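One structure below.
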Amino acid sequence: MTGSESSPSFRLAYVPGVTPAKWVRIWNERLPDVPLDLVAVPAAEASDVLREGGADAGFVRLPVDRTFFSAIPLYTETTVVMVPKDHLVTAAEEVSVEDLADEVVFHPLDDVFDWERPPGQPSFERPATTEDAVELVAAGVGLLVVPQSLARLYHRRDLTYRPVVDAPQSSVVLSWPEEATTELVEDFIGIVRGRTVNSTRGRTQPAAQPQPQSQPKAKRAEASGTRRKPAAGKPTRGGGAKGAKRGKPRRRS
């Protein structure tokens with residue numbers, strides 16, 4: 001099965017916080033005849049979208065089911081706590097989980113961290129989404145721990161954030177169903193890994209055929225049976241020796 005034969009386009013899923021623009025630009029430069037369709041999906045639904053064929057590959061957050069998906073690690077994000085700009089947390093450059101112990105920290109249903117509950121005091125009700133939780137932080141009723149990219153995505157003028165040095169971190173990977181590793185998927189893997197346009201991407205390439213080499217002039221002359229003529233005014237090897245012997249003066253008695 002090859003992507004170029006089975007699909008006229010390449011579908012790339014991505015979760016909130018991931019910016020695929022750089023890789024999309026390179027794809028459009030290298031494969032202008034194959035449209036790349038972006039599929040925005042919630043983090044919690046990304047695996048199902050890939051599993052059901054809604055996208056060929058995707059930028060998703062760990063963990064993923066490695067018995068079904070292949071994954072290439074891309075980067076691990078800094079974890080931050082979102083707070084109102086006038087909150088006491090802003091007095092420090094960074095904070096620890098312990099510093100949040102007395103604060104209400106929201107735990108949205110689409111939380112991307114692999115923990116049972118965030119630090120601090122639980123809220124009365126879990127917000128449905130991270131975006132909803134951001135609105136509650138802006139209302140001054142609690143804080144929110146998220147990857148830094150989500151803090152930037154949901155940026156508000158009345159909010160800021162600080163790194164949480166000992167909190168779990170979220171890692172982003174390129175993932176796809178292992179049994180659906182098409183040629184277009186291989187093309188995109190090459191782009192993500194920084195391979196050049198002339199890279200083989202692991203595909204079998206035809207071996208280069210050796211080109212016939214021309215023989216040196218001396219060998220061609222020898223093979224044709226011809227010999228180089230002596231230069232004018234220069235005796236041959238044999239004639240030169242005899243001439244030198246005849247021209248030697250005799251001693252008189």
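When the range 172-197 is limited to residues that are outside any helix (DSSP H, G or I) and in contact with a Lys or Arg (Cβ under 7 Å, 6 or more places away or on another chain), the one that is most open to solvent (accessible area, probe 1.4 Å) turns out to be 197. Say whether the condition of being within 22 Å of residue 175 (Cα to Cα), of a type in the set (Ser, Thr, Tyr) and either open to solvent by less than 30 Å² (accessible area, probe 1.4 Å) or modelled with pLDDT under 95 (or both) is met by at least one residue in the range 117-124. Scanning the range 117-124, I find no residue that is within 22 Å of residue 175 (Cα to Cα), of a type in the set (Ser, Thr, Tyr) and either open to solvent by less than 30 Å² (accessible area, probe 1.4 Å) or modelled with pLDDT under 95 (or both), so the answer is no. Residue under question is residue 48, and the condition is that it be out of contact with any Phe, Trp or Tyr (no Cβ under 6 Å at 6 or more places or on another chain), modelled with pLDDT of 95 or more and outside any strand (DSSP E or B); does it hold? Criteria met by residue 48. Right, residue 132: within 29 Å of residue 59 (Cα to Cα), without any contact (Cβ under 8 Å) to a residue 60 or more places away in the chain, out of contact with any helix residue (DSSP H, G or I) (no Cβ under 9 Å at 6 or more places or on another chain) and among the charged types (D, E, K, R) or not? So residue 132 passes the test.
Scanning the range 5-42 for residues that are assigned to a helix (DSSP H, G or I) and either of a type in the set (S, T, N, Q) or open to solvent by less than 80 Å² (accessible area, probe 1.4 Å) (or both) yields 6, 21, 23, 24, 26, 27, 28. Within this structure, residue 106 passes the test of being under 29 Å from residue 136 (Cα atoms), aromatic (Phe, Trp, Tyr) and either without any contact (Cβ under 8 Å) to a residue 60 or more places away in the chain or out of contact with any Pro (no Cβ under 8 Å at 6 or more places or on another chain) (or both). In the range 69-85 there is at least one residue matching the filter, namely being among the aromatic types (Phe, Trp, Tyr), within 30 Å of residue 181 (Cβ to Cβ), surrounded by 19 or more Cβ atoms within 10 Å (Cβ to Cβ) and in contact with a helix residue (DSSP H, G or I) (Cβ under 8 Å, 6 or more places away or on another chain). Might you check whether a residue that is in contact with a His (Cβ under 8 Å, 6 or more places away or on another chain) and at pLDDT 95 or above occurs anywhere in the range 191-211? No, the range 191-211 has no match at all.
Residues of the range 44-52 include none that is loosely packed, with under 12 Cβ neighbours inside 10 Å and of a type in the set (Gly, Ala, Ser). When the range 90-107 is limited to residues that are under 21 Å from residue 132 (Cα atoms) and outside any loop (DSSP other than H, G, I, E, B), the one that is most open to solvent (accessible area, probe 1.4 Å) turns out to be 104. Do we have residue 111 as open to solvent by less than 40 Å² (accessible area, probe 1.4 Å), free of Cβ contacts under 8 Å to residues at least 24 places away in the same chain and assigned to a loop (DSSP other than H, G, I, E, B) here? For residue 111, the condition - open to solvent by less than 40 Å² (accessible area, probe 1.4 Å), free of Cβ contacts under 8 Å to residues at least 24 places away in the same chain and assigned to a loop (DSSP other than H, G, I, E, B) - is met.
Among residues of the range 148-169 that are of a type in the set (Asp, Glu), those with a Cβ under 8 angstrom from a residue that is in a loop (DSSP other than H, G, I, E, B), sequence gap 6+ or separate chain, pair up as 158/85; 166/96; 166/97.
Here the range 163-180 is the region considered, the condition is being under 16 Å from the mean Cα position of the chain (by Cα) and not aromatic (Phe, Trp, Tyr), and the residue that is farthest from residue 54 (Cα to Cα) is 171.
The values are calculated or read from the model by the stated rules, or taken from the named source; none is laboratory data. Remember, predicted model here, so these are calculated numbers, not experimental data. Backbone-built Cβ (ideal geometry, glycine too); neighbour counts: all protein chains shown. Each accessible area value is taken on the protein alone, full model and side chains, heavy atoms only, with ligands, DNA and RNA left out. Shrake-Rupley method; radii C 1.70, N 1.55, O 1.52, S 1.80 Å.
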